[in-house]
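Trainee: Could you have a look at this structure, given as structure tokens, before my questions?
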Amino acid sequence: MYRAAVSLHPSRFRSERAIRCHSRAVKKATRIPVIAVGLITEFEQAEAIVGTGDADLIALARTILYNPRWPWHAAAHFGAHVKAPEQYLRSQPRQYRDLFDIGH
Ligand SMILES: Cc1cc2nc3c(=O)[nH]c(=O)nc-3n(C[C@H](O)[C@H](O)[C@H](O)COP(=O)(O)O)c2cc1C
């Protein structure tokens, strides 16, 4: 039994728009969560894919290889919070004073 569906590979889908269209079609055809993957690099792009309901989740491959802290940067960009191990808390940048969720 599958719990989530979809790997949308750029060898078939050469644009982010095509990936989003396909993801939306898969979502209509199934009731399990759909993950969009391929060519996702920007925070706003990722937010739009989930925010519009084109997919339930996004997955990153090359983007996260290049920048493993991408989710933290995305959270900072949107004014959201992240849980981080204690030893990271002192690294919080001055301009993102509320980035780390320290139980407030
Ligand atoms: C180094 C690397 C290894 C990958 N290995 C696999 C794999 O073993 N199986 C798979 O289905 N996809 C694999 N992929 C494809 C990714 O899961 C993903 O579908 C593809 O890179 C498109 O997403 P991206 O644009 O975020 O990189 C790999 C991609 C990269 C860059």
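Values quoted throughout were computed directly from the atomic coordinates according to the rules given, and no laboratory measurement underlies them. Keep in mind the model is a prediction, meaning the values are calculated, not measured. Here the Cβ is made from the backbone with ideal geometry for all residues, glycine too, and neighbour counts use every protein chain on show.
Trainee: Nearest 0.05, what FRET efficiency do Tyr66 and Arg17 give at R0 = 30 Å with Cβ-Cβ as r? Could the numbers behind the result be given before it?
Mentor: Details: r = 22 Å, r/R0 = 0.74.
About 0.85, to the nearest 0.05.
Trainee: By how many nm would the segment from Gln45 to Gln95 lengthen if fully extended, with 0.36 nm per residue of separation less the alpha-carbon distance? Before the final figure, lay out each step's value.
Mentor: Working: separation 50, 0.36 × 50 = 18.00 nm, distance 2.28 nm.
Going from the current span to full extension adds 15.7 nm.
Trainee: Plugging the Kirkwood radius over Cα pairs into Stokes-Einstein for the chain, at a temperature of 37 °C and a viscosity of 0.692 mPa s, what D comes out in µm²/s?
Mentor: Details: Rh = 15.1 Å.
Rounded, D is 217 µm²/s.
Trainee: On a 0 to 90 degree scale, rounded to 10, what angle separates helix 16-29 from the longest Cα axis of the chain?
Mentor: Computed tilt is about 70 degrees.
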